[in-house]
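Comments concern the structure below.
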Amino acid sequence: MGGQYPQNIRVDFPGPLYNLMDKAEVEDQVKFLVLTVDHIIKLMDASEHMNSVKWNPKTVEYFLKDLHRQSSELKECVAQYQKPLQKESYEIRINRHFRDLKKILKKEKYSAQAWEKIRRAVRSHLQRMDIIANKAK
């Protein structure tokens, strides 16, 4: 969406959580993937706040459309699993992480630099999610 990633932009990433999910049961991995994709959709579906970035709106639209499709397909898989009675620790941790990403956007007033931080974080999530998805096959 935005070309090369600036070298000076860093954002916290829940690497230990992904390491934990690498070793989790397939059921938990799929639930985690759904949860994370849905968080990415909510985060990136803020077109009213993207005035500061020079991303192609059509590219963002296609990206979100693809994420919605993936979320829908993953939810079909999750529907086969039994529902847990309580939230898993990974749910709480990934919810907290995405809440922190939203805070970055708000704190930096949805600036271009804030969106670049989010873009970098989303890319890292998608890369790690791909590894988990390939293992879960």
Legend entry - Helix 57-78 axis, angle to the chain major axis (alpha carbon atoms, nearest 10°): 10 degrees
Legend entry - Helix-only [θ]222 nm of the chain, DSSP H runs n ≥ 4, -39500 (n - 2.57) each, per residue, nearest 500: -23000 deg cm²/dmol
Legend entry - Dimensions in Å of region 54-125 - Rg and Dmax from alpha carbons: 15.4, 44
Legend entry - Partner lysines for residue 137 [C-alpha distance under 22 Å; skip if fewer than 8 residues away on the same chain]: 23, 31, 75, 83
Inset, instruction - Give the shape of region 7-53 as rounded, prolate or oblate, defined through the alpha-carbon gyration tensor: a ≥ b ≥ c are the square roots of its eigenvalues, a/c under 1.5 means rounded, and otherwise the shape is prolate if a/b is larger than b/c and oblate if not. - result: oblate
Legend entry - the chain - Kirkwood radius from inverse mean 1/r over Cα pairs (Å): 15.8 Å
Inset, instruction - Normalising by the residue count of region 37-137, find the relative contact order in percent from Cα pairs under 8 Å and 6+ residues apart. - result: 39 percent
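Taking all protein chains together and a probe of 1.4 Å, list 76, 91 from the most accessible to the least accessible.
Solvent-accessible surface, decreasing: 76, 91.
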Legend entry - Gaussian network model of the chain, Cα within-10 Å springs - most flexible of 106, 54, 42: 54
Legend entry - Sequence-distant lysines (8 or more away, or on other chains) whose Cα lies within less than 16 Å of residue 102: 42, 117
Inset, instruction - In a Gaussian network model over the chain where Cα atoms closer than 10 Å are linked, find which of 90, 110, 62 has the largest mean-square fluctuation. - result: 62
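What shape does region 91-137 have by the C-alpha gyration tensor, where a ≥ b ≥ c are the square roots of the eigenvalues, rounded means a/c under 1.5, and otherwise prolate means a/b greater than b/c and oblate the rest?
Values: a/c = 5.88, a/b = 1.85, b/c = 3.19.
Note, shape of region 91-137 comes out oblate.
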Legend entry - Total charge dipole magnitude, the chain, about the Cα centre, Cβ charges on Lys, Arg, Asp, Glu only, Debye to nearest 20: 480 debye
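The values are calculated or read from the model by the stated rules, or taken from the named source; none is laboratory data. Model, not experiment: these values are computed from the prediction. A quick note on method: Cβ atoms are made from the backbone with ideal geometry, for glycine too, and the neighbour counts reach across all protein chains shown. These accessible areas exclude ligands, DNA and RNA; they are computed on the full protein's heavy atoms, side chains included. Shrake-Rupley method; radii C 1.70, N 1.55, O 1.52, S 1.80 Å.
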